[in-house]
Amino acid sequence: MLVNLQEVLAEGRKRGVAVPAINTPNLESIIAAINEAERQNIPLILSHAELHESVLSIEVIGPIMLMFAKKAKVPVCVHFDHGESYESCVKAIKLGFTGVMIDASAQPYEENIKITKKVVEYAHKHNVSVEAELGSLPNRESGGVVTGDPRLLYTDPKLVPDFVKRTGCDALAIAFGTAHGIYKAKPVLSIDVIENIRKVSDIYLVMHGGSGLSKDDYQNVVKAGIDKINYYTYMSYDGYAAAKALIEKEPTGFFHDVCTVATAAQQNKLKEMFELFKR
Ligand SMILES: [Zn+2]
């Protein structure tokens, strides 16, 4: 069933689970995510990152994500991840996406509010919910090395009520020690950032960049109040590893067999991860 971001996150709170938001730049990842969410009976978000446009464009993959969401047995939001401009968010909404993220976190505070508010005004007219970002994560989805003191970039809990009120956003991505892609050093999380935000706001909170986190880290952030967890890198790595193992074993064969083992390996990873997202 296709629902918007606000609805899928409300469902997650009701069922006691941080809703997984899985980047799905191909059919294999869509099938793996839908199958596992249905198997565990939890709500799901299928995400298209603007960064993955070069893999498959939103015009091609968007309608396929929507088709799977509509016929799913669990509530599914089709979400535009890390929208870099008002225009790209509008494009996703016109294609039928039910959630968009506007990431203006690299802008100064007042500019972030201005851009986010503009996206919210358009999105809410179309029953689409908006995720914004406050504070900033090292690296984009592509990964890279973390340099400098990342604590300087953490979300300031004191700013959250003002930001939410002035932008009207439905969910907020916050920075408290995670990074995108592959983490070179072991991440150290400041769970107190989540707890301090929870004391002043009931906005849905989003964690990006779970790479390198332990099982305990996941459980700690979920228990502290994270409502949505973006997940991709290690699932995709497992798909790649399964494809590689098959090719090494059988040097010639059908390409669709590579897709089949990669889908199964990705679902297997999600099986393990989704359990950690439950409170
Ligand atoms: Zn992200």
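Where a number appears in this text, it was derived from the coordinates with a stated rule and is not lab data. All values reported here derive from a predicted model rather than from experimental measurement. Counting neighbours? That spans all protein chains shown, and the Cβs are built from the backbone with ideal geometry, glycine included.
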Integer Hz, Karplus 6.51/-1.76/1.60 couplings in order for the range 193-210, x for Gly and Pro: 4, 4, 4, 6, 5, 4, 5, 10, 7, 9, 4, 5, 10, 10, 10, 9, x, x
- prompt: Using θ = phi - 60° and the Karplus curve 6.51 cos²θ - 1.76 cosθ + 1.60, what whole-Hz ³J(HN,Hα) does each residue of the range 17-22 get, with Gly and Pro shown as x?
  reply: 9, 6, 6, x, 10, 9
message: Just to check I understand the Karplus step: with θ = phi - 60° and J = 6.51 cos²θ - 1.76 cosθ + 1.60, what whole-Hz values come out for the range 103-110, glycine and proline as x?
response: 9, 10, 5, 7, 7, x, 3, 5
field: Flagged links, alpha-carbon separation over 32 Å, of 14/271; 186/271; 14/269; 71/269; 165/215
entry: 165/215
- line: Which of 244/278; 70/125; 118/223 exceed 24 Å between C-alpha atoms? The answer is 244/278; 118/223
- prompt: Using unit Cβ charges (K, R positive; D, E negative) and no other charged atoms, how large, in debye to the nearest 20, is the dipole of the chain about its Cα centre?
  reply: 680 debye
- prompt: In nm, to one decimal, how far is the modelled label at residue 257 from the one at residue 190, with both set 7 Å along Cα→Cβ?
  reply: 5.2 nm
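What net charge is computed for the residues neighbouring residue 85, neighbours being all others with C-beta under 11 Å from the C-beta of residue 85, Lys and Arg scored +1, Asp and Glu -1?
Within the 11 Å Cβ shell, the charges total -2.
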message: Can you give me the C-alpha center-to-center distance between the range 41-96 and the range 223-279, rounded to a whole angstrom?
response: 19 Å
- request: Compute the distance in nm between two label points, each set 7 Å from the Cα along the Cα-to-Cβ direction, one at residue 153 and one at residue 15.
  value: 3.2 nm
statement: Surrounding charge for residue 100, neighbours by C-beta under 14 angstrom, Lys/Arg +1, Asp/Glu -1, total -3
